[in-house]
Amino acid sequence: MKHLFKEGVSPSKPTFLLLHGTGGNEQDLLPLAQMIDPEAAVLSVRGNILENGMPRFFRRLAEGVFDEQNLEEETKKLADFIDEAAAEYGFDRSNVIAIGYSNGANIAGSLLFRYQNVLKGAILHHPMVPVRGLSLPDLKQVPVFIGAGENDPICPAEESKELKELLESAGAEVEIDWGQNGHSLTQSEIEAARHWYMKKF
């Protein structure tokens, strides 16, 4: 997978797995990672799928309708890639925190829904429920931050609440920060994510 890696200040620091939104790339979320913890290592990945020339992490059939088979396949590829990157770059595989926006947040959610111990925690900006009807792994001790918009046209508020309930039912500790700026990623939402991260890690 196309990616970039930046070493952390010390081996005890987490590695941020950065997952961009539709049409983004591995550069997009670097400033966000810098704001949340400038000392963390960074593994920033570009989505494998192209939709009208725009990189994404998995295919969709329509706005808000995921290609669930492709999502499952691409989630496995991403999980395997994190393992390979940890071996190549020497970061602690058990100390990876995902930071995803929109499409990237959805595949981060899919990692949590499908694999135990794949992430130590996750910051999900404007995610949807990745898949329904799955039996989730044990997510005890996994903190999750959700940045959501009460008026988000792409990811309705009900979707964010359902995702929170599903993650909590598997034992995750979930906090939602509600904003009023639709689907956009705002400075105040990033600041809320930073405060949450400082508290949890």
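Over every Cα atom in segment 41-110, the radius of gyration and the widest Cα-Cα span, Dmax, amount to 12.8, 39 Å.
On the beta carbon distance between ALA87 and LYS161, with R0 = 45 Å, the FRET formula returns roughly 0.75.
Taking only C-alpha pairs under 8 Å that are 6+ residues apart, what is the relative contact order of the chain in percent? It rounds to 17 percent for the chain. Note that the chain shows a convex hull volume over its alpha carbon atoms of 103 Å³ per residue. Summed over qualifying helices (DSSP H, 4 residues or more, each -39500 (n - 2.57)) and divided by its residue number, the chain shows a 222 nm mean residue ellipticity of -11000 deg cm²/dmol. Segment 90-108 and segment 176-194 have Cα centres lying 18 Å from one another.
Which peptide among 41-51, 21-31 comes first, and what is the full order, when sorted by highest mean count of other Cβ atoms within 10 Å?
On the way: 41-51: 20.3, 21-31: 17.8.
Highest mean packing first, the order is 41-51, 21-31.
Once the whole set of protein chains is in place, how much accessible area is left on MET35, using a 1.4 Å probe, in Å² to the nearest 10? Answer for MET35: close to 70 Å² accessible. Each of PRO31, GLY109, ALA148 was scored by the projection of its Cα onto the charge dipole of the chain, and the greatest displacement toward the positive side belongs to PRO31; charges sit on the C-beta of Lys, Arg, Asp and Glu.
Listed here are the pairs LYS76/LYS199; LYS6/LYS164; LYS2/LYS199; LYS76/LYS120; LYS77/LYS140; LYS161/LYS199; which of them are more than 27 Å apart at the Cα?
On the way: LYS76/LYS199 30 Å; LYS6/LYS164 31 Å; LYS2/LYS199 32 Å; LYS76/LYS120 17 Å; LYS77/LYS140 24 Å; LYS161/LYS199 22 Å.
Check vs 27 Å cut-off fails for LYS76/LYS199; LYS6/LYS164; LYS2/LYS199.
What's the carbon and sulfur percent of the chain's accessible surface, probe 1.4 angstrom, rounded to a whole number? Intermediate results must be reported in sequence, preceding the final value.
Numbers: 4270 of 9010 Å².
For the chain, the apolar C and S fraction of the accessible surface comes to 47 percent.
Once the Cβ-Cβ distance of ARG59 and SER135 is raised to the sixth power relative to R0 = 22 Å, the FRET efficiency obtained is 0.35. When only the Cβ of Lys, Arg, Asp and Glu is charged (+1, +1, -1, -1), the dipole of segment 17-116 relative to its Cα centre reaches about 180 debye.
Per residue, the accessible area of the chain comes to 45 Å², computed with a 1.4 Å probe over protein heavy atoms only. Please report, in debye to the nearest 20, how large the charge dipole of the chain is about its Cα centre when each Lys and Arg carries +1 at its beta carbon and each Asp and Glu carries -1 there. Using only the charged Cβ atoms, the result is roughly 320 debye.
The values are calculated or read from the model by the stated rules, or taken from the named source; none is laboratory data. On a predicted model such as this, the values are computed, not experimentally measured, just so you know. Neighbour counts are summed over all protein chains in view; Cβ atoms, including those assigned to glycine, are modelled from backbone coordinates with ideal geometry. The protein model used for the area step is the full one, side chains on, heavy atoms only, and it has no ligands, DNA or RNA in it. Shrake-Rupley method; radii C 1.70, N 1.55, O 1.52, S 1.80 Å.
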